[in-house]
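Would you mind keeping the following structure in view while I ask a few things?
The values are calculated or read from the model by the stated rules, or taken from the named source; none is laboratory data. Because the structure is a prediction, the values reported are computed rather than measured. Ideal geometry is used to build each Cβ from the backbone, glycine not excepted, and the neighbour counts take in all protein chains shown.
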Amino acid sequence: MVDLPQAALEVFKFDAVDTTYYRIDSSHRGFIAGERALQPIFDVPVGQVRLGNSTIAGRSVRVVSGRLPRTASGDTPIVTVAETLIKRSTLTREILLVMVAPQLALLLAALVLARINVDRGLKPLTDLAEAIQSRGHENLSPVAAEGLPAEARILASRLNELFARVATAMQAQERFVADAAHQLRTPLASLLLHAEAAERAEEPQTRHRALRNLRTAIERATRVSQQLLILMRAGPAATVAGHFARLDLTALVRRLGEEWVPQMLAQGIDFGLAVPEHPIWIKGNGALLGELVSNLLDNARRYGRSGGRVTLGLHLQPTGISAALATLYVEDDGPGIAVGELDHIFERFYRSPGSPGEGCGLGLAIVRQISELHAATLRLVSEPPAGGSRFSVTFQAEPSPAVAESDSAPAVAAIL
């Protein structure tokens, strides 16, 4: 063992802040020197040290114990040193103040800047929302996209597209109401007039004539109403994808042609139906396409030559490896349409001067609107005075492996 002078011990224990304690123990003799209140760590292996925490006189200390190598006598001394935690606590606080506090300040500043940037970035969207909220229900004008970020410009563009569709639908409704009010006014007045004439008629012949006129007026009012409703159905609302489906145009044209046979025969018209044997597939609205065909046939029946010829046909024209055009046509040998009227024949309520019959001028307007709805091409070829008119509607055919190019020529299904 080594005896240290008291001065050396004082130097060892000197610390201006913390208090240092020591204790020396022997495995043979037990406590040798130092602070008895300091509890050593006895399970320290020879030549190693152990760290721990303890208390002396109510003060927390950090303890380190080390077992020295075995002496000649077989003894293994244990040296234990402890120190209070004032410097450590002070250092921890300084570290927190020097490192953590600036980090917290930077984090707070980053959060404030992020909030400012988010508010600034969302301001265009907020202004856009406020501008839309302040609008009246009738204001469907486009919203301004100037000054908006790219994402907000996309939103504004989609809103403008929506406003345009809604405005188109509202205009169609307003036009329908105006058309209905205008076109039904005359038939309804005629109904009232003929009904009053039937009530006043004293002779059976006069009453019978008034009732016949009343029936004619009812039929005309009914037809005008039906045509207006069809025109409304073929408006912007019909562009909803759910109204369109893959359909066989061949089957549709054949069925409609067969339904029109009795009417054509009743008027002595030589009616021909020329359709291919194979199906022709397109994407469309079957009900509206039926109205298109029926209006073309009715137009040919009304304005064609009495006892003349009308043909309903369909043929497929390949345009590429898997692309083809399906053309539906109705032709007659009537007097034809004057060149000056070709630009007006598809307008609403337009009727050629001197036209026979009680048409309302909506049939061909409906044909045009249904064609546009199906992205089809509508053509009219007329050759007066030689006569004859040919209305054709060309659709984009859907691919069909069952249809060979050699089968694209139409076959005559029925000539009546």
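Starting from the range 72-86, keep only residues that are in the same structural domain as S27 (by TED's automatic domain parsing) and closer than 23 Å to T19 by Cβ, then list their pairs with residues that are of a type in the set (F, W, Y) and in a loop (DSSP other than H, G, I, E, B) whose Cβ atoms are within a distance under 7 Å, requiring at least 6 positions of separation or different chains.
I78/F42
Residue-by-condition table, conditions (1) out of contact with any Phe, Trp or Tyr (no Cβ under 7 Å at 6 or more places or on another chain); (2) of a type outside the set (A, V, I, L, M, F, W, C); (3) modelled with pLDDT of 70 or more:
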residue: A338; (1), (2), (3): yes, no, yes
residue: G361; (1), (2), (3): no, yes, no
residue: I366; (1), (2), (3): yes, no, yes
residue: S382; (1), (2), (3): yes, yes, yes
residue: G388; (1), (2), (3): yes, yes, yes
residue: S392; (1), (2), (3): no, yes, yes
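Anything in the range 80-118 that is of a type in the set (S, T, Y) and assigned to a helix (DSSP H, G or I)? List them, or say none.
If the condition is that a residue be of a type in the set (S, T, Y) and assigned to a helix (DSSP H, G or I), then S89, T90, T92 are the ones that fit.
Quick one: is E196 part of a helix (DSSP H, G or I) and at pLDDT 80 or above?
yes
For the range 30-55, give me each residue that is part of a strand (DSSP E or B) and either crowded, with 17+ Cβ neighbours inside 10 Å or basic (K, R) (or both).
G34, R50, S54
Being in contact with a Lys or Arg (Cβ under 9 Å, 6 or more places away or on another chain), within 20 Å of A37 (Cβ to Cβ) and outside any strand (DSSP E or B) is the filter here; which residues of the range 56-79 pass it?
Residue satisfying the conditions is P77 alone.
Residues being part of a helix (DSSP H, G or I) and under 30 Å from the mean Cα position of the chain (by Cα): count how many of those fall in the range 244-267.
The number of residues fulfilling the criteria is 1.
Inspect all residues belonging to the range 268-282 and state whether any of them is assigned to a helix (DSSP H, G or I) and either basic (K, R) or modelled with pLDDT of 85 or more (or both).
No - not one qualifying residue is present in the range 268-282.
Taking the range 283-318, which residues are more than 16 Å from Q396 (Cα to Cα) and part of a strand (DSSP E or B)?
Those that are more than 16 Å from Q396 (Cα to Cα) and part of a strand (DSSP E or B): R309, V310, T311, L312, G313.
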